[in-house]
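The values are calculated or read from the model by the stated rules, or taken from the named source; none is laboratory data. In this text, all values refer to a predicted model and were calculated from it rather than measured experimentally. With ideal geometry, Cβ positions are generated from the backbone for all residues, glycine too; neighbour counts draw on all protein chains shown. Ligands, DNA and RNA are stripped out before the accessible areas are found, and what is left, the full protein with its side chains, is counted by its heavy atoms. Shrake-Rupley method; radii C 1.70, N 1.55, O 1.52, S 1.80 Å.
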Amino acid sequence: MNGAADRSARIGLDVLDQSELRRLIERPWFLRFGFTPEEIAHADTLGAERRLEFLAGRFAAKEALCKMLGTGFLQGVTPREIYVEHTPRGAPVVHLRGRAAQYGPSCVSVSITHKQDIVAAVALGLPSAADPMAESECTGPTEPKESAPMSPPNTNSATAAQRPAHHEEDAQAPTITAFLRVRIGQEEAHYGGNLVDGARILRLFGDLVTEITVRTDGDEGLLAQYSGIQFTAPVKPGDYIEARGRLVRRTRLRRVVQLEAHKVLHARPGGGESAATVLQEPQLVCSATATSVVPLPRTRPAATRSSAVKET
């Protein structure tokens, strides 16, 4: 928001009947459009009725937030660019991502309520000058638009502290990311039709999670679970896969990492024995959310360990 919008509070309201979403939330395309991977992963841990209630509440909140931002779905912001999580006490916290972050005021608050099948949500945006200390209380940090999943040339692995992230232990901790690019070899074909099994991608994800926990805690951690795994495109020998991981949640013992793998180059057997091409748009082949547990006696920032080594 710019100009006068920065100097006045804005409000958005939405009411819906959650039964309207009952069939839609069973369709993968709608889930990918309407919700973040973290929201989908949490919904998958719930029973059918609670899952519907949870997703309906999130969707109403996103509608209210778009009205507060002054835009609408498919008119500058998509609902998956708005992440609504909750604090340990249950209060909703908003994280604006991608294009939504460009519209957002410094302080955003949302409230969700349910009564039988009716869901209502109210979103309030306060001007940046209202209270410079309010942001940590009413909103998670906004995130800049993510770049396309292509890496710099000749880069095999990279991590970056890119932007502030919500952190149950330290609200100022930077977001940690990890990156891998690999070429799938012929020896990795597992099924008929020269297909590579999904476990190959999950091994890449495991390496990303390990790197992130080493960087955050100086410990490889113990991978506890994957959730929300979706294989969206086939992988074959000759494909180049770029996999990325991003720390999205950190508690005393657990590290939750959002993961995606994209195909960026692929072989063209029909064009010749060694023909290959670069995809104009990276193709998502798999996404998942992983939870790693770091043993308590070993949890301390890697930076602290490095400093100790230097002092000795």
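Against the definition (in a loop (DSSP other than H, G, I, E, B), charged (D, E, K, R), buried (at least 16 other Cβ atoms within 10 Å of the Cβ) and touching a strand residue (DSSP E or B) at 6+ places or on another chain (Cβ under 9 Å)), how does residue 236 come out, yes or no? When the stated conditions are applied, residue 236 passes them.
If you go through region 201-248 and pick out every residue that is over 20 Å from the mean Cα position of the chain (by Cα) and among the acidic types (Asp, Glu), you end up with 4. Among the conditions (1) open to solvent by 20 Å² or more (accessible area, probe 1.4 Å); (2) over 30 Å from residue 296 (Cα atoms); (3) in contact with a Leu (Cβ under 9 Å, 6 or more places away or on another chain); (4) in contact (Cβ under 8 Å) with a residue 24 or more places away in the chain, residue 244 misses just one, which is (2). Of all residues in region 249-260, one or more are more than 21 Å from residue 31 (Cα to Cα), surrounded by 17 or more Cβ atoms within 10 Å (Cβ to Cβ) and at pLDDT 90 or above. If you go through region 27-48 one residue at a time, do you hit one that is within 23 Å of residue 97 (Cβ to Cβ), part of a strand (DSSP E or B), of a type in the set (A, V, I, L, M) and at pLDDT 85 or above? So far as region 27-48 goes, no, none of its residues is within 23 Å of residue 97 (Cβ to Cβ), part of a strand (DSSP E or B), of a type in the set (A, V, I, L, M) and at pLDDT 85 or above.
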